[in-house]
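First up is the structure itself, then whatever we jot down about it.
Values quoted throughout were computed directly from the atomic coordinates according to the rules given, and no laboratory measurement underlies them. Treat the numbers as computed from the prediction; the structure is a model and nothing was measured. For neighbour counting, all protein chains shown are included, and Cβ atoms are generated from backbone atoms with ideal geometry for every residue, glycine included.
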Amino acid sequence: MSTTQAIRELIAAQPTGEPFTPSLFAEVGSRASIDQALTRFCKSGHIERIGHGLYLVPRINRFGLKVMPSAEVVARTVAKVEGAQIEIHGAEAARRFGFTTQMPVQPVFYTSGTTRNIQLGKMTLRLQHVAARKLVLAGRLAGQALSALWYMGRHQVSQETIACIKERLPVEEFQALCNAKSAMPFWMIEALNQYEKQGSYKS
């Protein structure tokens, strides 16, 4: 089977609207032949290039409009290729937990991989390298809570903040957050400890 045919079959198996990278075809040919085939498929309209090294099979909604993947889906695709952990930025995490109503202007994600900007049409997606301890719970709700706490900082995190987070997390996720104290700064540990002590006193 030719490289082009092998790539065509792999593309046909891809869900529409989900991004992929040339690494998907690493075992079927050289990088040069893969790039040439992807260029041809883009010109023919079988796939669409949405950013540097990022492609997808276009998905059309019932109104006849192309549906683009979310920035988070794209970020996770890139992180998977790098073998990196990824988590939403603290500003977005704080918004999801109701601590702010401000929508971040630019989609930014924390990563254990390299810092980079990805151009997606008119939008620029940023992957920002951070210390490993900020990603100890990456990929789960407890990780979003940790991201929000780091972003809010020493002077905004209180027992009330912790109580609000607990209300919004499943029991096992809040427990996972509490169990990650070894990766936290002192001020964050102190806020959790004070909340736990208060809870024990009330009970």
One-quarter of the Cα convex hull surface for region 60-141, in nm²?
6.7 nm²
Too long for a 30 Å Cα-Cα cut-off, among LYS66/LYS134; LYS80/LYS122; LYS43/LYS122; LYS134/LYS197, are LYS66/LYS134
For the chain, what's the relative contact order in percent, using C-alpha pairs closer than 8 Å and at least 6 residues apart?
15 percent
Subtract the Cα-Cα distance of ILE189 and GLN175 from 0.36 nm times their separation in residues, and report this length gain in nm to one decimal.
3.7 nm
Taking DSSP loops as anything outside H, G, I, E and B, show the longest stretch in the chain free of trypsin sites (Lys or Arg not before Pro) there with at most 14 other beta carbons within 10 Å.
1-61
Residue by residue, what Karplus-based ³J(HN,Hα) values in Hz, rounded to whole numbers, does region 42-59 have, using 6.51, -1.76 and 1.60 with θ = phi - 60° and x for Gly and Pro?
5, 5, 7, x, 5, 9, 10, 8, 10, x, 4, x, 10, 9, 7, 8, x, 10
Percent relative contact order for region 73-119, counting Cα pairs under 8 Å at least six residues apart, stands at 43 percent
Gap in Å between the Cα centre of region 1-49 and the Cα centre of region 121-153?
31 Å
Expressed in nm to one decimal, what extension gain is obtained for the pair GLU196 and ARG59 from 0.36 nm per residue of sequence separation less their Cα-Cα distance?
44.5 nm
Near LYS181, which aspartates and glutamates are there with a Cα under 14 Å away, not counting those fewer than 8 places off in the same chain?
GLU173, GLU190, GLU196
Karplus-derived 3J(HN,Hα), 6.51/-1.76/1.60, for each residue of region 188-195, Hz, glycine and proline x:
6, 4, 4, 4, 5, 5, 5, 5
Pairs of Cα atoms under 8 Å, at least six residues apart: use those to get the relative contact order of region 3-56, whole percent.
42 percent
